[in-house]
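Asks: Take this structure first; my questions come after.
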Amino acid sequence: MEQKDELRWLFVEASREALEGWVQEMESRMEGIELACPPKKMLCMAVAEESLENQRFCLGEVLCTECEVLYQGHRFLGRSIGEEPLRALATAFLEAALAEAPAILQEMRGSLDAEKARIREMAEKASKALGSTRVRFETMRPT
């Protein structure tokens with residue numbers, strides 16, 4: 001099984017269509033999963049760490065969406081940046097599956113890998129497009 005952080009990254013970057021499919025699949029396979037708290041908007045404080053002195057400071061408030069699911073007697077939190085209730089719900093389902101039903105994620109590996117490949121391909125295209133816009137500042141000509 002993939003690393004937990006890689007799966008979390010995938011759920012943050014995934015398309016809406018992929019998330020809808022994953023939520024439906026996990027909901028059908030994880031019997032007894034309940035929505036404890038529906039997705040709701042909230043403001044979270046964004047905190048950064050200054051690199052020289054390692055001091056933490058607040059950047060400001062960020063709009064987030066948060067929800068909570070109940071599965072096998074445990075609560076699992078899902079949170080996303082922005083107004084994205086589906087992504088928050090999918091993240092909560094992912095946390096529940098990681099903790100209580102990792103075999104389900106193994107069974108979903110095909111669709112997870114396909115979405116990961118799609119995201120990486122898009123990133124590669126964007127990188128190539130960015131690379132073609134570089135300029136040598138001495139001559140102001142494209143590289």
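Asks: Between E49, E20, E53, E34, which is farther than 13 Å from L70 by Cα and modelled with pLDDT of 95 or more?
Replies: On the way: E49 fails: modelled with pLDDT of 95 or more; E53 fails: modelled with pLDDT of 95 or more; E34 fails: farther than 13 Å from L70 by Cα.
Selected residue: E20, the only one of E49, E20, E53, E34 that is farther than 13 Å from L70 by Cα and modelled with pLDDT of 95 or more.
Asks: Do we find a residue being free of Cβ contacts under 8 Å to residues at least 24 places away in the same chain, loosely packed, with under 12 Cβ neighbours inside 10 Å and either more than 18 Å from Q3 (Cα to Cα) or among the β-branched types (V, I, T) (or both) anywhere in the stretch 102-109?
Replies: Looking for residues that are free of Cβ contacts under 8 Å to residues at least 24 places away in the same chain, loosely packed, with under 12 Cβ neighbours inside 10 Å and either more than 18 Å from Q3 (Cα to Cα) or among the β-branched types (V, I, T) (or both), one finds none in the stretch 102-109, hence no.
Asks: Let me ask something else about it. Can you tell me which residue among L77, L59, L98 is farther than 19 Å from A114 by Cβ and touching a residue at least 60 places away in the same chain (Cβ under 8 Å)? Give the steps one after another, and end with the answer.
Replies: Details: L77 fails: touching a residue at least 60 places away in the same chain (Cβ under 8 Å); L59 fails: touching a residue at least 60 places away in the same chain (Cβ under 8 Å).
That would be L98, the only listed residue that is farther than 19 Å from A114 by Cβ and touching a residue at least 60 places away in the same chain (Cβ under 8 Å).
Asks: Another question about this same structure. Restricting to the stretch 68-85, what's the tally of residues that are surrounded by fewer than 18 Cβ atoms within 10 Å (Cβ to Cβ) and of a type in the set (A, V, I, L, M, F, W, C)?
Replies: Going through the stretch 68-85, the residues surrounded by fewer than 18 Cβ atoms within 10 Å (Cβ to Cβ) turn out to be 70, 72-75, 77, 81-83, 85.
If we keep only those that are of a type in the set (A, V, I, L, M, F, W, C) as well, we get 70, 77, 81.
So the answer is 3.
Asks: Mind listing just one residue for me: the one in the stretch 115-143 that is small (G, A, S) and exposed (fewer than 11 other Cβ atoms within 10 Å of the Cβ) and, of those, modelled with the highest pLDDT? First the steps, then the outcome.
Replies: Of the stretch 115-143, the ones small (G, A, S) are 117, 123, 126-127, 129, 131-132.
Then drop every residue that is not exposed (fewer than 11 other Cβ atoms within 10 Å of the Cβ), which leaves 117, 126-127, 129, 131-132.
Details: A117: 96, A126: 86, S127: 82, A129: 80, G131: 70, S132: 67.
Per the criteria, the residue is A117.
Asks: Would you confirm whether any residue within the stretch 11-18 is of a type in the set (F, W, Y), farther than 26 Å from I119 by Cβ and surrounded by 14 or more Cβ atoms within 10 Å (Cβ to Cβ)?
Replies: Residues of the stretch 11-18 of a type in the set (F, W, Y): 11.
After this cut, where a residue has to be farther than 26 Å from I119 by Cβ as well, the list is none.
No.
Asks: Can you tell me which residue among C58, C64 is at pLDDT below 95 and of a type outside the set (D, E, K, R)? I'd like the intermediate steps shown before the answer.
Replies: On the way: C64 fails: at pLDDT below 95.
Matching residue, one of C58, C64: C58.
The values are calculated or read from the model by the stated rules, or taken from the named source; none is laboratory data. Just so you know, these numbers come straight off a predicted model, no measurement behind them. Cβ sites come from the backbone with ideal geometry, for glycine too, and all protein chains shown count toward neighbours.
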